[in-house]
Amino acid sequence: MGDFPEGTESMELCGRRFDTGEAVRVEVDGQKVAAVRSCAGDPAARGWPWIAPGLVDIQINGYGGQEFSSMELTVEKVCRISQQVLSFGVTGYCPTVTTESFEVLEHALRTIAQACESSPEVARHVRGIHLEGPYLSTEEGPRGAHPVEHCRRPDWDEFQRLQAAAGGRICLHTMAVEFEEAPSFIQQLVAAGVIVGIGHTAADAVQIARAVEAGARLSTHLGNGSHLMIPRHRGYIWEQLAQDRLMASLIGDGHHLPPAVLKTFIRAKTPQRCILVSDMSGQAGQPPGRYASRFCDVEILPNGRLVVAGQHEIMAGASSPVGCGIANAVRFAGLRLETAIRMAAHNPAGLLGITPGGLSPGDPADLVLFRFEDGSEGAPPSEFAPVATVLGGRLVWQSPDPP
Ligand SMILES: [Zn+2]
């Protein structure tokens, strides 16, 4: 990461702090914040956007018609997706490679690693790879959209070969934990420095507890990839909610979890243990219309909802960026903007063990400027609308819309 090109000149950003609302000028020098000066009372500050640490999305499956988990993935496509993701204010993300044959997984992981090696900007942007599967439940419901013919039992030898293809970049692995060998497999992953997420699982409460004991630290998109009907008391959702050693990632697009569930999960888990993710599918970011995907035709509706073609209810993946979850966490769970931002920046950074951007001298200049009505001034909460993204002290994206 050391050869990321330094910003050649210093830069000044004007915005209202996400945490205090204070208007500030942020001086950036090289890759770091050099100084933050208060502009409280400056009349020019009235129209300034908010400024916050850049968002960190630990689950992005692809974008603009390209899945990461594909034989068609190329270095150029990884670079293009990385560029597109900047427009969401995301300054760190985990390309997420999902269940496939060994050959496809190996190709996808190797290609992402090559993209990181060829582009310092991609290397700075990609904070590790999330391997979701292939050691997942084959049951209908928990499996979600992962192809049943490729869901399989944990295989340490295979995982090591995949990690080698990724150049050691797999930082997070999501797996089902009902397998007899799951606890020992989790221990091996943890010993190898890989964070373990529980997901797409049909485990009972005891098996969840054993996985946590073995070192699992995340519930991956809690509440999704699960059965339609579950035991009322001894199921995997209550147990994961109650396990304080588990963080929970939540898809906050407003479609995957109904508002009451999003609110209740955040209250039960506490905002400090919640991580907002987009879980964007490779189909995200395309104009409304019908598209062929790996398993069935999908349709992007005019409201952006991604569904199985020909109807409006069955979701075919997520299509909203992680900032959408920030707005929904404010709207549905009554959180302050600061708290919701922390769930999409500080908390995922904490899980990955990386330093988030910040607004103090010496902090990484990984920042997002954005428009957002938080509802405090009478108007209902608005969408989260990025204006500009700064990565490593460089302005890497700016909204084409006039301010
Ligand atoms: Zn999933």
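Out of the stretch 278-297, which residues are surrounded by 11 or more Cβ atoms within 10 Å (Cβ to Cβ) and among the basic types (Lys, Arg)?
Passing the criteria: only Arg294.
Could you identify the single residue in Gly215, Gly252, Gly225 that is among the small types (Gly, Ala, Ser) and within 14 Å of the ligand (Cβ to nearest atom)?
Gly225
Could you please find all residues in the stretch 344-358 being closer than 15 Å to Pro53 by Cα, open to solvent by 10 Å² or more (accessible area, probe 1.4 Å) and hydrophobic (A, V, I, L, M, F, W, C)?
So in the stretch 344-358, the residues closer than 15 Å to Pro53 by Cα come out as 344-350, 354-358.
Remaining after also requiring open to solvent by 10 Å² or more (accessible area, probe 1.4 Å): 346-347, 350, 354-356.
Ile354, the sole residue that qualifies.
Select from the stretch 357-394 the residues that are hydroxyl-bearing (Ser, Thr, Tyr) and modelled with pLDDT of 95 or more and list them in ascending order. Before the answer, list the steps.
If we filter the stretch 357-394 for residues that are hydroxyl-bearing (Ser, Thr, Tyr), which is where we start, we get 360, 376, 382, 389.
Of everything in the stretch 357-394, those that are hydroxyl-bearing (Ser, Thr, Tyr) and modelled with pLDDT of 95 or more turn out to be Ser360, Thr389.
Just to be sure I understand, how many residues within the stretch 350-381 are closer than 22 Å to Gln84 by Cα and in contact with a Phe, Trp or Tyr (Cβ under 9 Å, 6 or more places away or on another chain)?
Residues in the stretch 350-381 being closer than 22 Å to Gln84 by Cα and in contact with a Phe, Trp or Tyr (Cβ under 9 Å, 6 or more places away or on another chain): 5 in total.
Listed here are the residues, each with its yes/no results for (1) in contact with a helix residue (DSSP H, G or I) (Cβ under 9 Å, 6 or more places away or on another chain); (2) part of a helix (DSSP H, G or I); (3) within 30 Å of Asp401 (Cα to Cα); (4) open to solvent by less than 10 Å² (accessible area, probe 1.4 Å).
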position: Ser69; (1), (2), (3), (4): yes, no, no, yes
position: Lys77; (1), (2), (3), (4): yes, yes, yes, no
position: Gln84; (1), (2), (3), (4): no, yes, yes, no
position: Cys94; (1), (2), (3), (4): yes, no, yes, yes
position: Glu103; (1), (2), (3), (4): no, yes, no, no
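Residues in the stretch 378-397: is at least one touching a residue at least 12 places away in the same chain (Cβ under 8 Å) and at positive phi?
yes
Among the residues of the stretch 23-43 satisfying the criterion of being under 28 Å from the mean Cα position of the chain (by Cα) and not in a strand (DSSP E or B), which is surrounded by the fewest Cβ atoms within 10 Å (Cβ to Cβ)?
Among them, the one singled out is Gly30.
Of the residues in the stretch 160-185, how many are under 22 Å from the mean Cα position of the chain (by Cα) and assigned to a helix (DSSP H, G or I)?
Adding up the residues that qualify gives 2.
The values are calculated or read from the model by the stated rules, or taken from the named source; none is laboratory data. On a predicted model such as this, the values are computed, not experimentally measured, just so you know. Counting neighbours? That spans all protein chains shown, and the Cβs are built from the backbone with ideal geometry, glycine included. Please note that ligands, DNA and RNA were not included when accessible areas were found on the heavy atoms of the full protein model with its side chains. Shrake-Rupley method; radii C 1.70, N 1.55, O 1.52, S 1.80 Å.
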